[in-house]
1. Which count do you get for residues in the range 37-55 that are farther than 18 Å from residue 6 by Cβ and surrounded by fewer than 19 Cβ atoms within 10 Å (Cβ to Cβ)?
2. Going by the conditions given, is residue 106 within 18 Å of residue 121 (Cα to Cα) and surrounded by fewer than 16 Cβ atoms within 10 Å (Cβ to Cβ)?
3. Of the residues 91, 52, 14, only one is part of a strand (DSSP E or B), in contact (Cβ under 8 Å) with a residue 60 or more places away in the chain, in contact with a strand residue (DSSP E or B) (Cβ under 9 Å, 6 or more places away or on another chain) and closer than 25 Å to residue 119 by Cα; which?
4. Among (1) at pLDDT 95 or above; (2) surrounded by fewer than 13 Cβ atoms within 10 Å (Cβ to Cβ), which single condition is residue 75 missing?
5. Just checking, how many residues over the range 22-33 are over 15 Å from residue 71 (Cα atoms) and touching a residue at least 24 places away in the same chain (Cβ under 8 Å)?
6. Among the candidates 35, 96, which residue alone is farther than 30 Å from residue 138 by Cα, in a loop (DSSP other than H, G, I, E, B) and in contact with a strand residue (DSSP E or B) (Cβ under 6 Å, 6 or more places away or on another chain)?
7. Looking at 66, 70, 40, which one is closer than 14 Å to residue 125 by Cβ, more than 14 Å from the chain's Cα centre (by Cα) and not in a strand (DSSP E or B)?
8. Could you list, ordered by first residue, the pairs with Cβ atoms under 8 Å in which the first is in the range 124-142 and free of Cβ contacts under 8 Å to residues at least 40 places away in the same chain and the second is in a loop (DSSP other than H, G, I, E, B), at least 6 apart or interchain?
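The values are calculated or read from the model by the stated rules, or taken from the named source; none is laboratory data. Everything numeric in this text was worked out from a predicted model, so none of it was measured. Every residue, glycine among them, receives a Cβ derived from its backbone with ideal geometry; neighbour counts consider all protein chains shown.
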(Lines give C-alpha, C1' and ligand atoms only; values in the text may rest on other atoms or scores of the structure.)
Protein backbone atom coordinates (compact mmCIF):
# COMPACT_ATOMS: atom_id res chain seq x y z
CA UNK A 1 0.00 0.00 0.00
CA UNK A 2 1.31 3.42 -0.88
CA UNK A 3 2.09 5.93 1.83
CA UNK A 4 -0.99 8.14 2.13
CA UNK A 5 1.21 11.19 1.55
CA UNK A 6 2.72 9.92 -1.72
CA UNK A 7 1.43 11.41 -4.97
CA UNK A 8 2.96 10.11 -8.17
CA UNK A 9 4.30 12.86 -10.43
CA UNK A 10 2.55 11.20 -13.41
CA UNK A 11 -0.96 9.80 -12.96
CA UNK A 12 -2.88 8.71 -16.06
CA UNK A 13 -6.60 9.46 -15.99
CA UNK A 14 -8.58 6.88 -17.93
CA UNK A 15 -12.07 7.59 -19.23
CA UNK A 16 -14.21 4.52 -18.53
CA UNK A 17 -17.75 3.62 -19.55
CA UNK A 18 -18.76 2.11 -16.21
CA UNK A 19 -16.81 3.09 -13.09
CA UNK A 20 -18.07 0.22 -10.92
CA UNK A 21 -17.12 -2.40 -13.52
CA UNK A 22 -13.65 -0.84 -13.85
CA UNK A 23 -13.21 -0.75 -10.06
CA UNK A 24 -14.04 -4.47 -9.88
CA UNK A 25 -11.29 -5.17 -12.44
CA UNK A 26 -8.63 -3.03 -10.76
CA UNK A 27 -9.38 -3.97 -7.15
CA UNK A 28 -9.25 -7.66 -8.10
CA UNK A 29 -5.55 -7.24 -8.96
CA UNK A 30 -4.69 -5.32 -5.79
CA UNK A 31 -5.53 -1.68 -6.38
CA UNK A 32 -7.36 0.11 -3.57
CA UNK A 33 -9.51 3.21 -3.76
CA UNK A 34 -7.77 6.24 -2.30
CA UNK A 35 -10.83 8.41 -2.81
CA UNK A 36 -13.99 8.43 -4.87
CA UNK A 37 -16.75 10.87 -5.82
CA UNK A 38 -20.19 10.45 -7.36
CA UNK A 39 -20.56 13.41 -9.76
CA UNK A 40 -19.10 12.82 -12.17
CA UNK A 41 -18.31 9.23 -11.17
CA UNK A 42 -14.56 9.23 -10.40
CA UNK A 43 -12.05 7.19 -8.41
CA UNK A 44 -8.37 7.68 -7.58
CA UNK A 45 -6.82 4.23 -7.16
CA UNK A 46 -3.40 2.99 -6.12
CA UNK A 47 -1.31 -0.12 -5.64
CA UNK A 48 2.07 0.53 -4.08
CA UNK A 49 3.27 3.65 -5.86
CA UNK A 50 1.26 2.94 -9.02
CA UNK A 51 -1.66 5.35 -9.24
CA UNK A 52 -4.49 5.78 -11.74
CA UNK A 53 -7.52 8.01 -11.98
CA UNK A 54 -10.73 6.58 -13.45
CA UNK A 55 -13.53 8.87 -14.59
CA UNK A 56 -16.78 7.63 -16.05
CA UNK A 57 -17.61 9.07 -19.46
CA UNK A 58 -19.89 12.11 -19.21
CA UNK A 59 -20.82 15.03 -21.51
CA UNK A 60 -18.51 17.55 -19.80
CA UNK A 61 -15.45 15.28 -19.81
CA UNK A 62 -12.14 16.24 -21.38
CA UNK A 63 -12.47 14.01 -24.43
CA UNK A 64 -11.51 15.88 -27.59
CA UNK A 65 -12.84 13.26 -30.03
CA UNK A 66 -15.54 10.58 -29.86
CA UNK A 67 -14.29 7.47 -28.06
CA UNK A 68 -14.24 4.22 -30.00
CA UNK A 69 -13.53 0.82 -28.45
CA UNK A 70 -11.06 -0.36 -27.52
CA UNK A 71 -10.17 2.74 -25.57
CA UNK A 72 -6.51 3.69 -25.21
CA UNK A 73 -5.36 2.32 -28.55
CA UNK A 74 -1.65 2.79 -29.04
CA UNK A 75 -0.67 2.61 -25.38
CA UNK A 76 -0.17 -0.01 -22.71
CA UNK A 77 0.33 0.58 -19.02
CA UNK A 78 2.84 -1.54 -17.13
CA UNK A 79 2.03 -2.12 -13.47
CA UNK A 80 4.43 -4.02 -11.22
CA UNK A 81 2.81 -6.77 -9.16
CA UNK A 82 4.21 -9.10 -6.52
CA UNK A 83 2.91 -12.31 -8.15
CA UNK A 84 1.97 -12.24 -11.86
CA UNK A 85 0.46 -15.73 -11.82
CA UNK A 86 -1.82 -14.90 -8.89
CA UNK A 87 -2.83 -11.64 -10.59
CA UNK A 88 -3.72 -13.49 -13.78
CA UNK A 89 -5.67 -16.08 -11.80
CA UNK A 90 -7.74 -13.33 -10.16
CA UNK A 91 -8.56 -11.84 -13.55
CA UNK A 92 -9.45 -15.20 -15.09
CA UNK A 93 -11.87 -15.68 -12.18
CA UNK A 94 -13.68 -12.53 -13.33
CA UNK A 95 -13.77 -13.68 -16.95
CA UNK A 96 -10.80 -11.67 -18.26
CA UNK A 97 -8.32 -13.55 -20.40
CA UNK A 98 -4.86 -12.48 -21.56
CA UNK A 99 -4.23 -10.58 -24.73
CA UNK A 100 -0.75 -12.13 -24.40
CA UNK A 101 -0.20 -15.12 -22.11
CA UNK A 102 2.14 -14.98 -19.16
CA UNK A 103 5.83 -15.37 -20.00
CA UNK A 104 9.26 -14.47 -18.69
CA UNK A 105 10.89 -11.71 -20.71
CA UNK A 106 14.43 -10.38 -20.35
CA UNK A 107 15.32 -6.87 -21.51
CA UNK A 108 18.85 -5.56 -22.14
CA UNK A 109 19.66 -2.68 -19.78
CA UNK A 110 23.34 -2.48 -20.74
CA UNK A 111 25.85 -4.44 -22.83
CA UNK A 112 26.56 -6.68 -19.85
CA UNK A 113 23.20 -7.04 -18.10
CA UNK A 114 19.54 -7.66 -18.58
CA UNK A 115 16.55 -7.46 -16.27
CA UNK A 116 13.63 -9.81 -16.34
CA UNK A 117 10.00 -9.83 -15.58
CA UNK A 118 7.19 -12.35 -15.62
CA UNK A 119 4.48 -10.51 -17.53
CA UNK A 120 1.17 -10.79 -19.31
CA UNK A 121 -1.10 -8.36 -21.09
CA UNK A 122 -4.84 -8.09 -20.60
CA UNK A 123 -7.48 -5.58 -21.64
CA UNK A 124 -9.52 -3.91 -18.91
CA UNK A 125 -13.32 -3.63 -19.33
CA UNK A 126 -12.95 -0.71 -21.76
CA UNK A 127 -10.08 -2.18 -23.75
CA UNK A 128 -7.13 -0.37 -22.12
CA UNK A 129 -4.14 -2.70 -22.46
CA UNK A 130 -2.57 -3.43 -19.07
CA UNK A 131 0.79 -5.20 -18.72
CA UNK A 132 1.11 -6.72 -15.26
CA UNK A 133 4.76 -7.51 -14.52
CA UNK A 134 6.58 -9.29 -11.70
CA UNK A 135 10.24 -8.25 -11.40
CA UNK A 136 12.60 -11.23 -11.72
CA UNK A 137 15.91 -9.46 -11.11
CA UNK A 138 19.05 -8.74 -13.05
CA UNK A 139 21.44 -11.17 -14.71
CA UNK A 140 24.73 -10.96 -16.55
CA UNK A 141 24.54 -11.45 -20.30
CA UNK A 142 26.50 -14.53 -21.39
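1. The total comes to 6.
2. When the stated conditions are applied, residue 106 passes them.
3. Values: 91 fails: part of a strand (DSSP E or B); 52 fails: in contact (Cβ under 8 Å) with a residue 60 or more places away in the chain.
On inspection, the qualifying residue turns out to be 14.
4. With respect to (1) at pLDDT 95 or above; (2) surrounded by fewer than 13 Cβ atoms within 10 Å (Cβ to Cβ), residue 75 is out only on (1).
5. The initial filter retains those residues of the range 22-33 that are over 15 Å from residue 71 (Cα atoms), namely 23-33.
Checking which are touching a residue at least 24 places away in the same chain (Cβ under 8 Å) leaves us with 23-26, 28-30, 32.
Of the residues in that region, 8 qualify.
6. Details: 35 fails: in a loop (DSSP other than H, G, I, E, B).
Only one candidate passes the filter, namely 96.
7. 70 is the lone residue from the list that is closer than 14 Å to residue 125 by Cβ, more than 14 Å from the chain's Cα centre (by Cα) and not in a strand (DSSP E or B).
8. Close Cβ pairs satisfying both conditions: 138/109; 140/112; 141/111; 141/112.
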